[in-house]
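The next block holds one structure in the form of structure tokens; read it before the comments.
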Amino acid sequence: MLEIDYPSRFSELIQAVDCDIELPIEWANYFDERGEVSANLSDDRNSLRLKIRTHGLMWFERSLPFCPRSSDPVVIYTRDFSRVGAGWLCPFEVYPEESVRIVLPTFWVQLRVARTRRITSKCYEIGGALIERHDPSPDAFVIDSETVCR
């Protein structure tokens, strides 16, 4: 079997999936923001967070019984990363305790959703705890023993 070219596969797949996220007007410069996330007094996080804004793909690895999920990929926008978690934007609500896979241009991660906040009717801010970080590999595109993108 031919080895999967991770960057090409990612690019092909992200171009094939429609993005339904609608950012608020005030976030016109969303993808221009970079750097350290400043902590506020009520923030009890122990790890430094960095704003990293890019497009990615998300799949559900484990959903909740009351909310079955499609096996189709969803375009997401990353928000920030730390040693122990990540934040991202999604076009619909994702519930705490669901597990997702997020594939990015240079690596992929598995996360357990910890919180969700509605920004607009098609923009939800999701925060997740890191389960595992992976280097680019063909496994990023395999969900339930089925290759997502051939």
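Among residues of segment 3-23 that are closer than 14 Å to HIS55 by Cβ, those with a Cβ under 7 angstrom from a residue that is part of a loop (DSSP other than H, G, I, E, B) and open to solvent by 80 Å² or more (accessible area, probe 1.4 Å), sequence gap 6+ or separate chain, pair up as ASP20/LYS122; ILE21/LYS122.
Of the residues LYS51, LYS122, the single one that is open to solvent by less than 80 Å² (accessible area, probe 1.4 Å) and in contact (Cβ under 8 Å) with a residue 24 or more places away in the chain is LYS51. Put simply, of ARG79, ARG117, ARG83, ARG45 the only residue that is assigned to a loop (DSSP other than H, G, I, E, B) and either surrounded by 11 or more Cβ atoms within 10 Å (Cβ to Cβ) or modelled with pLDDT of 95 or more (or both) is ARG45. Taking (1) surrounded by 14 or more Cβ atoms within 10 Å (Cβ to Cβ); (2) under 13 Å from the mean Cα position of the chain (by Cα) in turn, PRO136 satisfies each apart from (2). Among the residues of segment 88-106, those identified as under 26 Å from ARG9 (Cα atoms), modelled with pLDDT of 95 or more and not polar (S, T, N, Q) are TRP88, LEU89, CYS90, PRO91, PHE92, VAL94, GLU98, VAL100, ARG101, ILE102, VAL103, LEU104.
The values are calculated or read from the model by the stated rules, or taken from the named source; none is laboratory data. All figures in this text were calculated on a predicted structure; none of them were measured in a lab. Glycine gets a Cβ as well: all are built from the backbone with ideal geometry, and neighbour counts include every protein chain shown. With ligands, DNA and RNA removed, areas are computed over all heavy atoms of the protein, side chains included. Shrake-Rupley method; radii C 1.70, N 1.55, O 1.52, S 1.80 Å.
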